[in-house]
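A quick write-up on the structure given underneath.
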Ligand code: MG
């Protein structure tokens, strides 16, 4: 009679960083989360520290509406999962983290994964002594063309803000105007933005109701005025922000055709992706879509079927640079251009990651600008530079950006009853509408 021998492997995996035969590998020593809000917008940055003294990476994990959920996901689940792994194995780590929760994806887990993923690309660049865009194949262009936001309470104010941006060298301007008496998306001004008042913090619960019909009437008037006053050379953009019923959005797209927009953004909510074929049949206006997508099942069909012209993912919301560079390359095959989401609720680390893609992918379209405040630049030394309407890399190894943790700690998350969440936006009868 033979003894029963338990041949199951030891559950403790020894030295995982040596798995691929690289004995000299550098391992992850710690994973930390840094929360800061220099401009009043809640930012989450992940710092991956290594066994190599002084070598670390930074990644953007900013989900500004639920930042503390991301922090918990990193600290309570990813940290112990990652310590000891080789910093070299970015793809392997991405795949392992993605499936380790079994139920995967979603903005919280994708942002947590993104913080680690972008930090590992930063580390790889530092080891190679190359900027991350060099790891992706090198520059296709000197700098990334930007568009900036001209918003205002009325058409004259939008014109004034657009002229100021054009005087600063911007050739692409997003125009949004307030619907009088209505809680309009994007109508807060550059002054609000510079003072750190994001849209969500700007609006208080119980603010004015939303009037979609009035919005559908005022936007064509806005662009008619902008074209007459600002001429043909400037490129205009507009964001519907999923605020209309689908057929009203299609009607607006048709109404805007004479003004030759560079793109019309988020005509539908992600839940209404099925309307894109209908929009394509009805209008030739270029479409940008994607900042709310978190799953490839949402965006792959739109690219594959050539239903959009610009893919506009918030890269931390799909899991960081690893999936975003694949998506950019996939979109190239369909002549869909990139326009990565880049507002104030992307940290400067995230903007540096966007820029690595912008510089290296041939099908780059445009990059959304955030006008970095002096406070942000102090907290994030090496922040990409905005010059002549373009975003410029400093060409330092990795992402070329750092965080001053002492200064970051001076800007804790602001006290607010919604803790970063969007306020209710309602129709006149009280029905909730999309933000
Ligand atoms: Mg948008």
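Listing for the model above:
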quantity	calculated
C-alpha long axis of helix 106-128 to longest principal axis of the chain, angle in °	70
Relative contact order of the stretch 198-307, defined on C-alpha pairs under 8 angstrom at six or more residues apart (%)	23
Cα-based helix-to-principal-axis angle, 246-256 vs the chain, degrees rounded to 10	60
Contact order normalised by residue count of the stretch 134-398, Cα under 8 Å, 6+ apart, percent	21
Tensor-based shape of the chain (alpha-carbon gyration tensor, a/c under 1.5 rounded, otherwise prolate or oblate)	prolate
Centroid-to-centroid separation of the stretch 65-93 and the stretch 366-404 [C-alpha atoms, Å]	25
Cα-based helix-to-principal-axis angle, 321-332 vs the chain, degrees rounded to 10	50
Cα gyration tensor shape of the stretch 91-158, rounded if a/c is under 1.5, else prolate or oblate by comparing a/b with b/c	oblate
The stretch 263-339 and the stretch 109-168: distance between their alpha carbon centers, rounded to Å	18
For the stretch 105-196: rounded, prolate or oblate by the Cα gyration tensor [a/c cutoff 1.5]	oblate
Over the chain: helical MRE at 222 nm, DSSP H runs n ≥ 4 each giving -39500 (n - 2.57), nearest 500	-10000 deg cm²/dmol
Relative contact order [Cα under 8 Å, 6+ residues apart], the stretch 28-131, whole percent	33
Highest-MSF residue in the chain out of 117, 156, 317 [GNM, Cα springs under 10 Å]	156
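A short reminder: the numbers here are calculations on the coordinates, not readings from a lab. Keep in mind that this is a model prediction, so the values were computed, not measured.
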